[in-house]
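The block underneath contains the structure these notes are about, expressed in structure tokens.
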Amino acid sequence: MRPVIRLGLAIALAAITLGCSPTTDNHAPPTPESRPVPSPTPYRLPPIPPPVTRQWDALKYKDKPCDLLTDQQAQGIGFQDPGWVDTPPDGFPQCWRNRGHLASFFVKFYDIGMVGQVYRRETIWPGGEDAVPITVVGQPAIKVVFPGGDRCAIAVAIADNQAFEVNFKEEGGDASVHATTAAEIVMHNLGA
């Protein structure tokens with residue numbers, strides 16, 4: 001091989017090996033698939049749930065979530081109208097109560113270990129990434145106060161495979177106080 005051809009091949013091989021290209025201004029922008037994905041907001045919950053040491057069997061409330069917090073008890077926290085049940089797409093019946101357009105809440109029963117699943121990141125609970133661990137009448141629970149403070153959700157583990165949620169919205173009020181009160185009433189109704 002001639003020395004000139006050998007030198008040309010050596011330069012070409014070096015350029016390929018070093019990733020050089022004759023022009024550097026013609027790079028295409030990265031595609032969405034190749035862009036780095038920012039890490040999601042880390043959960044404030046640890047990945048392992050606390051144990052549910054006291055267990056209640058509340059399956060009788062599965063289709064009767066309004067019995068978890070009665071009409072009379074709801075009146076005690078300012079909700080005069082009777083509750084009504086609907087079943088959202090997740091399949092877990094919930095009891096709604098409202099006080100005009102300013103305040104509403106629902107109580108929902110889960111026949112799954114929803115609280116533990118949120119801790120383990122097995123299920124997505126609305127606002128779960130901002131949830132903090134709490135206890136309600138000694139039971140492990142999670143609580144999230146949504147931006148603005150007008151909405152608060154509390155989910156309480158009542159057994160390894162059962163939980164309930166209180167989701168309270170009150171314009172201009174402290175939804176957290178009312179959600180906590182409602183969750184405590186439910187726990188007392190269960191025998192705590």
Contour minus Cα-Cα distance for Glu184 and Gln72 (0.36 nm per residue)
38.8 nm
Less than 13 Å from a label point 7 Å out along the Cα-to-Cβ axis of Asp63: which backbone N atoms in region 85-99 qualify, by residue?
93
Nonlocal amide H pairs with Arg44, under 5 Å, H built at 1.01 Å
Ala131
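Mind ordering 64-72, 150-158 by average Cβ neighbours within 10 Å, highest first?
Working: 64-72: 17.9, 150-158: 24.7.
With the highest mean Cβ count within 10 Å placed first, the list reads 150-158, 64-72.
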When the gyration tensor of region 49-192 is built from Cα positions, what are the square roots of 5 times its three eigenvalues, in whole Å, from largest to smallest?
21, 17, 14
Residue by residue through region 159-165, which ³J(HN,Hα) values in whole Hz follow from phi under the Karplus form 6.51 cos²θ - 1.76 cosθ + 1.60 (θ = phi - 60°), with glycine and proline marked x?
6, 4, 10, 8, 7, 9, 10
Pairwise label distance in nanometres, Asn98 with Arg121, each label 7 Å out on the Cα-Cβ vector:
3.7
³J(HN,Hα), Karplus 6.51/-1.76/1.60, whole Hz, each residue of region 115-123, x for Gly, Pro
4, x, 5, 5, 4, 7, 6, 8, 9
Percent of Cα-Cα pairs per 5 Å bin, from 0 to the last occupied bin, for region 61-107, please list those.
5, 24, 33, 21, 13, 4, 0
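Throughout, read-outs are computed from the coordinates displayed, never taken from laboratory work. Computed from a prediction, not measured in an experiment: that's the story for all the values here. Neighbour counts run over all protein chains shown; Cβ positions are idealised from the backbone, glycine included.
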